[in-house]
Amino acid sequence: MMTSPSETIDAAAAGTWRLGDLTVNRIGFGAMRLTQDGAAFSRGSSSDRDRAMTVLRRALELGVNHVDTAAFYFSPLRSANELINSALAPYADDLVITTKVGPGRDLSGHWVWATPDQLRGQVEENLRQLGRDHLDVVNLRIARNHGTLPVAEHFGALAELREAGLIRHLGISNTTRDQLAEAQGIAPVVCVQNRYSLDAPPEQHELLRSCGEQGIAFVPFYSITGNGQDGGGADPGDEALRSVARTHGATVAQVRLAWTLRQGPHVLAIPGTGNPDHLAENIAAGALRLTAEDLTLLSA
């Protein structure tokens, strides 16, 4: 059974993994939902600034040392990077901030995609917003409809910035196995950040296993929302999922996170929320140990 709300569970309960030479707890925090109430990238109201900063500080108090962000995480009044800078700087020595480049949003919120020559500007924008002289990990985010396109020019541009000292480690996001192999031929890849959950198609399970064999961290997004994607709440799933949650006195979201972490020691979770209570629940999922019977029921 899960512990009661009065008992604090630290992020270290999920264990650790290394992003290159950086050790992180396997339960981290995703900043995408910090800037806006409701669904991510919606046209809803901007979040409460004080509450968002409270969530960030509480995450570190609960042992989170891996924060995932991006310069394109913003609403009309809020920027995730600025919130992180204001709430957490000066940064703890063990805090790893991962960001991503490739996509951007203009002032109207429309998406644009950077050319290789424009990636340096996106990296510098993240540096400025976060108040850093280097970025710990930068993921090249690939457009959803670019799964068959080569990534050499874009990843090569980031590799040059790594050589220049602006980036410490590189990752790749929304990628395929072929694109990952292409990137690895240019520079080391420490993480793959892809959509992944209980509802994932077979090719994503295969990519997860391949990353584990190569010692590459696999960092899922939408692991809680599942088919709901950026809708904001946990996909309630089927009766099997709800049954496992009842057995453990846990929420469906916690079971989804625990299942995700159970897929391999190289799997990192970055659940995001603007709600302090949900934050504590997400981190507590790192201590939820699913049984073999649970896993069989969920896989069916």
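Tell me which residues, restricted to the range 5-24, are modelled with pLDDT of 95 or more, in a loop (DSSP other than H, G, I, E, B) and surrounded by 18 or more Cβ atoms within 10 Å (Cβ to Cβ). Listed by number, the list is empty, since nothing qualifies. Restricting Ala250, Ala284 to those that are among the hydrophobic types (A, V, I, L, M, F, W, C) and either touching a strand residue (DSSP E or B) at 6+ places or on another chain (Cβ under 7 Å) or not in a loop (DSSP other than H, G, I, E, B) (or both) reduces the list to Ala284.
Residue-by-condition table, conditions (1) closer than 29 Å to Tyr91 by Cα; (2) loosely packed, with under 13 Cβ neighbours inside 10 Å; (3) within 21 Å of the chain's Cα centre (by Cα):
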position: Leu130; (1), (2), (3): yes, no, yes
position: His134; (1), (2), (3): yes, no, yes
position: Val138; (1), (2), (3): yes, no, yes
position: Arg141; (1), (2), (3): yes, no, yes
position: Arg144; (1), (2), (3): no, yes, yes
position: His169; (1), (2), (3): yes, no, yes
position: Arg177; (1), (2), (3): no, no, yes
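Across the range 286-299, not a single residue is classified as within 22 Å of Val64 (Cβ to Cβ), surrounded by 15 or more Cβ atoms within 10 Å (Cβ to Cβ), modelled with pLDDT of 95 or more and out of contact with any helix residue (DSSP H, G or I) (no Cβ under 7 Å at 6 or more places or on another chain).
Applying the condition of being buried (at least 21 other Cβ atoms within 10 Å of the Cβ) and aliphatic (A, V, I, L, M) to the range 205-240 and asking which residue is modelled with the lowest pLDDT yields Ala234.
Residues in the range 44-98 that are farther than 21 Å from Gln122 by Cβ and basic (Lys, Arg): Arg49, Arg51, Arg57, Arg58.
Applying a threshold of 7 Å to beta carbon distances and a minimum spacing of six or more residues, or different chains, the list of pairs starting in the range 101-120 at a residue that is at positive phi and ending at one that is in a loop (DSSP other than H, G, I, E, B) and of a type outside the set (Gly, Ala, Ser) reads Gly102/Ile142.
For Ile172, the conditions (1) hydrophobic (A, V, I, L, M, F, W, C); (2) touching a residue at least 24 places away in the same chain (Cβ under 8 Å); (3) in contact with a Gly (Cβ under 7 Å, 6 or more places away or on another chain) are fulfilled apart from (3). Of the helices (runs of 4 or more DSSP H) contained entirely in the range 40-145, those carrying at least 2 residues that are within 27 Å of Thr176 (Cβ to Cβ) fall at 119-130. The combined condition, being at pLDDT 95 or above, within 14 Å of the chain's Cα centre (by Cα), crowded, with 18+ Cβ neighbours inside 10 Å and not aromatic (Phe, Trp, Tyr), is fulfilled by Val64.
The values are calculated or read from the model by the stated rules, or taken from the named source; none is laboratory data. Predicted model only: the values in this text are computed from it and were never measured. Neighbour counts are summed over all protein chains in view; Cβ atoms, including those assigned to glycine, are modelled from backbone coordinates with ideal geometry.
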